[in-house]
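Working notes for the structure below.
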Amino acid sequence: MYAADPARLEQALATLLGPEFVVSVAGIAPTTPAVPARPAPERGVTHDAPSLEAARRTERQVGRAALRRVADRLGERVDTDRLVLPHPRLTLTHSHGVAVAVGARGASTGIGVDLEAVRPVNPGIARLFLTAAERTRLGAAAPAGSAAPATSPDVLLRLWTVKEAVFKADTGNAGRILADYELCRPAAWSGHATRGGSRFRYRTVQLPGHLVSVAVHEERTA
Ligand SMILES: CC(C)(COP(=O)(O)OP(=O)(O)OC[C@H]1O[C@@H](n2cnc3c(N)ncnc32)[C@H](O)[C@@H]1OP(=O)(O)O)[C@@H](O)C(=O)NCCC(=O)NCCS
């Protein structure tokens with residue numbers, strides 16, 4: 001798994017995302033239990049509270065160290081340990097033993113990243129974060145007679161990462177929920193999302209065992 005080889009993951013991700021972004025990836029040593037990640041913790045996996053708390057702390061520290069490396073490379077003079085996100089040029093995700101920090105190289109008014117380990121998710125979560133219009137568009141995009149339903153677990157996990165990345169790219173996200181953001185073409189691996197007059201561009205890339213989405217705030221349309 002890539003968690004054991006963060007340098008390789010970082011290189012792959014940087015190549016896939018292109019020169020617009022600065023990327024730092026850190027692996028979290030498997031000495032502590034993996035922090036259960038949303039959207040759906042694995043069934044039957046339980047951790048006692050103190051060890052889970054320690055794992056969360058470690059994961060957060062590793063993530064903040066990755067964020068510091070990105071900020072340094074961008075010349076952003078911020079205290080990354082205490083920085084409260086969202087931030088116009090910096091974003092962070094940590095999950096399943098991997099932390100990914102991403103920065104926007106140029107001028108930016110919002111950036112978001114989300115990483116999820118590929119795993120089964122409950123199809124019932126679709127209603128929690130997709131709008132009715134998105135679910136309709138996904139149904140229409142499914143090929144007739146397709147064996148895989150439009151909201152198959154794979155699609156849902158990808159869209160979850162997209163919505164989380166878009167949410168994080170919205171510097172005005174306080175009080176918002178994922179369903180406040182509307183994806184124009186949810187069947188596509190890259191595209192646009194809107195919330196009111198705000199517009200976001202996103203892209204999802206697949207790496208062995210992981211999905212990573214990055215979103216940037218684009219422009220105001222109203
Ligand atoms: C904040 C949120 C995006 C974090 O996502 P997550 O998958 O739990 O965690 P990730 O590892 O991907 O990201 C964690 C990082 O997000 C960043 N973050 C937290 N709140 C943020 C916000 N409002 N905007 C941007 N980034 C934020 C933090 O840097 C955090 O790192 P830290 O632990 O060092 O502080 C998520 O909890 C959330 O609120 N989602 C939207 C709300 C929603 O609709 N929830 C219901 C869905 S059914």
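The values are calculated or read from the model by the stated rules, or taken from the named source; none is laboratory data. Bear in mind the structure is a predicted one, so any value in this text is a computation, not a measurement. Using ideal geometry, Cβ is built from the backbone for each residue, glycine included, and neighbour counts are taken over all protein chains shown. SASA here: full protein model, heavy atoms, side chains in, ligands and nucleic acids out. Shrake-Rupley method; radii C 1.70, N 1.55, O 1.52, S 1.80 Å.
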Tally, over the stretch 140-162, of residues that are modelled with pLDDT of 75 or more and out of contact with any strand residue (DSSP E or B) (no Cβ under 8 Å at 6 or more places or on another chain): 6
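Given the condition more than 12 Å from the ligand (Cβ to nearest atom) and modelled with pLDDT of 95 or more, answer yes or no: does some residue in the stretch 51-69 qualify?
Yes, the conditions are met somewhere in the stretch 51-69.
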Scope the stretch 196-206; condition surrounded by 17 or more Cβ atoms within 10 Å (Cβ to Cβ) and either within 16 Å of the ligand (Cβ to nearest atom) or at pLDDT below 95 (or both); matching residues: SER198, PHE200, TYR202, THR204, VAL205
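Look through the stretch 12-50, keep the residues that are over 15 Å from VAL70 (Cβ atoms) and in a helix (DSSP H, G or I), and return whichever of them is modelled with the lowest pLDDT.
Of the residues in the stretch 12-50, the ones over 15 Å from VAL70 (Cβ atoms) are 12, 15-16, 18, 27-50.
Of the ones still in play, those that are also in a helix (DSSP H, G or I) are 12, 15-16, 49-50.
Details: ALA12: 93, THR15: 95, LEU16: 94, ALA49: 73, PRO50: 67.
By that ranking, first place goes to PRO50.
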Residue match in the stretch 145-157 (condition: out of contact with any helix residue (DSSP H, G or I) (no Cβ under 7 Å at 6 or more places or on another chain) and in contact (Cβ under 8 Å) with a residue 40 or more places away in the chain): yes
Hits in the stretch 160-194 (condition: closer than 19 Å to THR109 by Cα, part of a loop (DSSP other than H, G, I, E, B) and open to solvent by less than 60 Å² (accessible area, probe 1.4 Å)): ASP170, GLY172, ASN173, TYR181
